[in-house]
């Protein structure tokens, strides 16, 4: 029997911006096994998509996800076209870097920032985004790469059910799911956060490969991120559910910075495995 243990990682640019070797050391010094890597935000040196040998040779932690986030329903079509091309470029190099997934959210008709608009939640918007991700998934299949699709309340795939609809429509083993519970929340539904998390697991568990870990408080009528264990999220219960439903999924801290990184790691590491280093 193989014992599966969730690996813990962090969004690399939450540690800061470094050269390749410097980032590698920073990740290891903070005891993370891997990262979610957005080149432009985390690396001080430019990545040449035609030759990633320097990154491959000098970056030691696992790359759980290459972040190629773009807005697939941006009203400026050039922004969409550029985003698709950039995403495909990331899929092209994922295998060489042994990057497990290339990830994006599902966007907003607002453009920038990706805020809530009622039109985001229409069937027409979901169909448009699904068609774009079908094309990206076809490309992923050719490259033997994998996509991690992430929903968010303000975006087109606003609920676990809408994420599932996209996944079932595209129907490919190369399209997987990132669950970010905080992203599904707003000031009106946050009290139901554990019900929403359970729904995510019930509907999507066979497709989930990554969980983004965040915590929050309510301040001035808005949700505000804080370090893990400092807010309203019930992490003992959340981690127990993850271990039950998806014991091989990657756990990635997102938006956890500064002194909160150490305390957040200690909390999650102890919950996962009693302090394995």
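The values are calculated or read from the model by the stated rules, or taken from the named source; none is laboratory data. Every value quoted in this text rests on a predicted model; they were computed, and no experiment measured them. Here Cβ is always computed from backbone atoms with ideal geometry, including for glycine, and neighbour counts include all displayed protein chains.
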Give segment 193-209 a look and list any residue that's assigned to a helix (DSSP H, G or I) and closer than 22 Å to residue 264 by Cα, or say none. 193, 194, 197
Pairs please, first residue from segment 55-68 and in contact (Cβ under 8 Å) with a residue 60 or more places away in the chain, second anywhere and in a strand (DSSP E or B) and surrounded by fewer than 14 Cβ atoms within 10 Å (Cβ to Cβ), Cβ atoms under 9 Å, 6+ apart in sequence or on different chains. none
Looking at this structure, is residue 200 over 25 Å from residue 15 (Cα atoms) and crowded, with 18+ Cβ neighbours inside 10 Å? yes
From the list 179, 257, 226, which one is modelled with pLDDT of 95 or more and closer than 30 Å to residue 124 by Cβ? 179
Candidates 228, 232, filtered to the one that is in a loop (DSSP other than H, G, I, E, B) and over 15 Å from residue 211 (Cα atoms): 232
Among (1) farther than 22 Å from residue 33 by Cα; (2) buried (at least 20 other Cβ atoms within 10 Å of the Cβ); (3) touching a strand residue (DSSP E or B) at 6+ places or on another chain (Cβ under 8 Å), the one test that residue 184 misses: (3)
Can you find, within segment 102-114, the residue that is farthest from residue 128 (Cα to Cα) among those that are assigned to a loop (DSSP other than H, G, I, E, B) and touching a strand residue (DSSP E or B) at 6+ places or on another chain (Cβ under 8 Å)? 114
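Yes/no per residue for (1) in contact with a helix residue (DSSP H, G or I) (Cβ under 7 Å, 6 or more places away or on another chain); (2) surrounded by 20 or more Cβ atoms within 10 Å (Cβ to Cβ); (3) touching a residue at least 40 places away in the same chain (Cβ under 8 Å); (4) not in a helix (DSSP H, G or I):
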residue	(1), (2), (3), (4)
163	yes, yes, yes, no
167	no, yes, yes, no
173	no, no, no, yes
191	no, no, no, no
211	yes, yes, yes, yes
236	yes, no, no, no
247	no, no, yes, yes
261	no, no, yes, no
264	no, yes, yes, no
Out of (1) within 16 Å of residue 148 (Cα to Cα); (2) exposed (fewer than 13 other Cβ atoms within 10 Å of the Cβ); (3) touching a strand residue (DSSP E or B) at 6+ places or on another chain (Cβ under 8 Å), what's the single condition that is false for residue 224? (1)
Are there any helices (runs of 4 or more DSSP H) wholly within segment 1-101 with 2 or more residues that are at pLDDT 95 or above and buried (at least 21 other Cβ atoms within 10 Å of the Cβ), and if so which? 20-29, 77-94
Out of the residues in segment 20-29 meeting the condition of being out of contact with any strand residue (DSSP E or B) (no Cβ under 7 Å at 6 or more places or on another chain) and touching a residue at least 24 places away in the same chain (Cβ under 8 Å), tell me which one is farthest from residue 256 (Cα to Cα). 21
Touching a strand residue (DSSP E or B) at 6+ places or on another chain (Cβ under 6 Å), closer than 30 Å to residue 53 by Cβ and either at pLDDT 95 or above or surrounded by 16 or more Cβ atoms within 10 Å (Cβ to Cβ) (or both), is that true of residue 140? yes
